[in-house]
Amino acid sequence: MPMTRGSNLGLLKEKLVAAEAITVLTGAGISADSGVPTFRGADGLWKNVRAEDLATPDAFERDPRLVWEWYNWRRELIATKQPNNAHNAIVELERRCPNFWLMTQNVDGLHRDAGSQKLSEIHGNIWKVRCTGCGVVENNRDVPIAILPSCPRCGSLLRPHIVWFGESLSPDDLDDCSRALKHCDVLLIIGTSGVVYPAAGFASVAKEAGAFVAEINLDPTPQSALVDLSLHGRAKDLVPLLLEPL
Ligand code: OAD
Ligand code: ZN
């Protein structure tokens with residue numbers, strides 16, 4: 001209902017203007033508006049295999065070729081995509097807010113491309129590779145990447161520098177996120193289904209610490225009952241509205 005959206009939007013804008021510390025959590029929905037398929041949306045499936053069955057250490061051990069083919073499909077897709085107005089609006093929020101932190105689950109690098117600087121890419125970055133032997137992390141923008149890629153230093157197999165199901169976030173990222181959640185006045189959650197942990201638990205951490213928590217998503221999510229306010233619509237339409245004068 002437009003009335004509800006209008007007043008909710010106004011309230012969120014007031015909270016953001018008054019906030020000294022703003023934390024933003026994003027998921028695949030923000031990149032959907034740049035044309036990157038979401039994981040749980042209709043077009044997110046590759047060869048009918050779910051992300052949960054490819055983005056795991058077991059899958060890579062069993063069939064590294066298959067996992068790299070999936071990442072090559074995603075590399076090809078993402079290489080042609082640009083940040084959209086929602087990514088750009090988040091850069092502007094960072095500029096305006098003295099104490100800002102962005103936590104993204106997206107590995108596409110579009111937040112960095114847009115210009116975000118205060119961010120944790122908590123699931124890694126598709127344009128980085130890591131050696132399964134010596135652990136070195138390097139940038140690699142090959143599209144497609146050679147299958148199977150090997151480490152220039154030690155010859156071992158390279159893997160995507162991505163946090164897979166069953167793996168932990170880096171301790172540095174966990175520290176940064178924990179600080180950002182506990183000390184923010186507003187947590188803004190954009191375009192995530194809220195089912196993959198630990199990010200799925202971030203709303204309750206911020207809420208328990210006293211933050212105002214708002215969600216922007218096309219649809220209701222499991223977090224909707226918990227948050228103070230939900231706005232339903234496309235990220236690229238709604239996020240820029242947050243910057244307009246009250
Ligand atoms: P999902 O695909 O699970 O969810 C995308 C969310 O975005 C859904 O709630 C949609 O309703 C919403 N959405 C879609 N289009 C939108 C739009 N234009 N504007 C606003 N919202 C929109 O993606 P994530 O929650 O990011 O992990 O998934 C979490 C993790 O699971 C990913 O980081 C990935 C995946 O497996 C790894 O790759 C390790
Ligand atoms: Zn190596």
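The values are calculated or read from the model by the stated rules, or taken from the named source; none is laboratory data. This one's a predicted model, so the numbers in the text were calculated from it and none came from an experiment. Please note: Cβ atoms are built from the backbone with ideal geometry, for glycine as well, and neighbour counts cover all protein chains shown. When the accessible area is computed, the model is the full protein with side chains, heavy atoms only, and any ligands, DNA or RNA have been set aside. Shrake-Rupley method; radii C 1.70, N 1.55, O 1.52, S 1.80 Å.
List of remarks:
- Surface composition of region 17-68: carbon and sulfur make up 48 percent of the accessible area, probe 1.4 Å.
- Summing Cβ point charges (Lys, Arg +1; Asp, Glu -1) relative to the Cα centre of region 35-164 gives a dipole of roughly 220 debye.
- On a per residue basis, the convex hull of the C-alpha atoms belonging to region 111-191 measures out at 140 Å³.
- For the chain, radius of gyration divided by Kirkwood radius, i.e. Rg to Rh on alpha-carbons: 0.98
- Computed over all pairs of different Cα atoms, the Kirkwood value for the hydrodynamic radius of region 1-95 is 16.3 Å.
- About its Cα centre, the chain has a charge dipole of approximately 320 debye under the convention of +1 per Lys or Arg Cβ and -1 per Asp or Glu Cβ, with nothing else charged.
- To the nearest 10, the accessible area of C151 is 10 Å² with a 1.4 Å probe.
- Excluding exposed DSSP-loop GluC sites (Glu not before Pro) (at most 15 other C-beta within 10 Å), longest clean stretch of the chain: 21-166
- For region 190-234, the normalised intensity computed at q = 0.13, 0.26 Å⁻¹ comes to -0.24, -0.94 (log10 of I(q)/I(0), Debye sum over alpha carbons, equal scatterers, no solvent).
- The chain: calculated mean residue ellipticity at 222 nm from DSSP helix runs of at least 4, using -39500 (n - 2.57): -10500 deg cm²/dmol
- What you get for region 99-203, charging only the Cβ of Lys and Arg (+1) and of Asp and Glu (-1), is a dipole of about 180 debye around the Cα centre.
- Listed pairs K128/K236; K182/K236; K81/K236; K15/K81; K15/K207 exceeding 23 Å between Cα atoms: K128/K236; K182/K236; K15/K81
- Gain upon complete extension [E208, K182; 0.36 nm per residue less C-alpha separation]: 8.5 nm
- Two-decimal Rg/Rh across region 105-246, once Rg and the Kirkwood Rh are taken from alpha-carbon atoms: 1.03
- Overall, the accessible surface of region 75-193 at a probe of 1.4 angstrom is composed of carbon and sulfur to the extent of 45 percent.
- Computed label-point distance, nm, for sites T80 and S224 using a 7 Å Cα→Cβ extension: 3.3
- Low-density loop cleavage sites - chymotrypsin sites (Phe, Trp or Tyr not before Pro) in region 60-116, where at most 15 other Cβ are within 10 Å (DSSP): none
- Take the chain with all the other protein chains still there, run a 1.4 Å probe, and you get 47 Å² of accessible area per residue.
- Distance between region 1-62 and region 202-235 - C-alpha centres, whole angstrom: 12
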